[in-house]
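Visitor: Before I ask anything, let me first share the structure, which is written out below as structure tokens.
Any read-out appearing in this document is the output of simple, stated calculations on the displayed coordinates, not a laboratory observation. Computed from a predicted structure; not experimentally measured. Here Cβ is always computed from backbone atoms with ideal geometry, including for glycine, and neighbour counts include all displayed protein chains.
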């Protein structure tokens, strides 16, 4: 399986109340200073705690995929559903109807026909899942174990950059950037290098979302 790079996120993934669509120009452009647990993390802990406490989340998103051979990104749109117990589900509505599920079992792609394809059981994919789950949960202690962290703030606007400590993971999917304002995540980026990256622009979100039995069957596993 050629699995898509999961999109927060991201991250995503950890989204706050009614975050309107935004663009990178509205946010902090460069990584900040290293965030060291026990030294300068006190000001960041309330943000991590507030986002982690939001519970299940539903949001729409727009994804831009940048490739070295193209001057313009490929655009995808869809819905994300985050459940602390079930994981992250990314339902891509366009251009193809597919769902990517990221959970404790790994990565699973589900097609509109109902057919599924699981990522191979090898360190590349299991390591990716293990690294992403703390990002999805905004779990600061777990993040510190797997990433070096850099943080920047200007007023309510903030930026966090996560670089895998594992050299092979860093080579595979590069740096993860999460940007936001107050308790709202606005943008996520997976940057493999200067020419290959994925950007996620988060639309209006519903924290504390409730997923029906049908939702769980269709969008999770």
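Visitor: Let me know the shape class of the chain, please: from the alpha-carbon gyration tensor, a ≥ b ≥ c as square roots of the eigenvalues, rounded when a/c is under 1.5, otherwise prolate if a/b is greater than b/c, or oblate.
Guide: Here the chain falls in the rounded category.
Visitor: Separate question: Looking at the square roots a ≥ b ≥ c of the eigenvalues of the Cα gyration tensor of region 86-169, which shape do they give, rounded for a/c under 1.5, prolate if a/b is larger than b/c, or oblate?
Guide: Oblate, since a/c reaches 1.5 and b/c is not below a/b.
Visitor: Under a plain spin-label model, where a point goes 7 Å from the Cα along Cα-to-Cβ, how far apart in nm are residue 154 and residue 75?
Guide: Reported label-point gap for residue 154 and residue 75 is 2.6 nm.
Visitor: At 222 nm, what helix-only mean residue ellipticity would the chain give, in deg cm²/dmol to the nearest 500, using -39500 (n - 2.57) for each DSSP H run of four or more?
Guide: Rounded to the nearest 500, it is -5500 deg cm²/dmol.
Visitor: Right, something else. Could you work out the relative contact order of region 24-219, using alpha carbon pairs under 8 angstrom and six or more residues apart, expressed as a whole percent? Before the final figure, lay out each step's value.
Guide: Details: 369 pairs, mean separation 50.4, N = 196.
Once divided by the residue count of region 24-219, the mean separation gives 26 percent.
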